[in-house]
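A short worksheet on the structure shown next.
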C-alpha cells in the first residue's frame, strides 16, 4: 500500500478560544451530571433530537444513555417474529458538545 508523500493539508482547525470554551463546557457537564448517574433524563441535542433514558456512563467525550427498545406490535394477520434475539435496552452514546438540554425525569 502506498501513501501520499505530499504534505497533508489542514482542512479545519478549531480556534484556541473555541477549544477552551468546549473544554470548559465539557468539564461543567461532567461536574453537573456525575451525581445523576443511573437517573432517568430527557436529552435534547443541538439538532433537536430528543431521547429519554438512563445515564449509565460518561467519558471525556460522550454521555451514554440506556434507552428502552421500542416494541412494535405486528399488524393483524402477520405472525409475530421471534424476539428472543432482541435486546431490552440499547446504549446510545451522545457526544457531549452536541447536547443542548438535559432534564431530570427521576
Can you name every residue in region 49-61 that is surrounded by 11 or more Cβ atoms within 10 Å (Cβ to Cβ) and part of a loop (DSSP other than H, G, I, E, B)?
-> 49, 61
Note on region 22-48: residues outside any strand (DSSP E or B), surrounded by 11 or more Cβ atoms within 10 Å (Cβ to Cβ) and at pLDDT 95 or above are 36, 37, 39
Single match in 9, 19 (criterion: farther than 17 Å from residue 102 by Cα and surrounded by 11 or more Cβ atoms within 10 Å (Cβ to Cβ)) = 19
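The values are calculated or read from the model by the stated rules, or taken from the named source; none is laboratory data. It should be emphasised that the depicted structure is a prediction, and the values quoted were computed from it without experimental measurement. Virtual Cβ from ideal backbone geometry, glycine too; neighbours counted across all protein chains shown.
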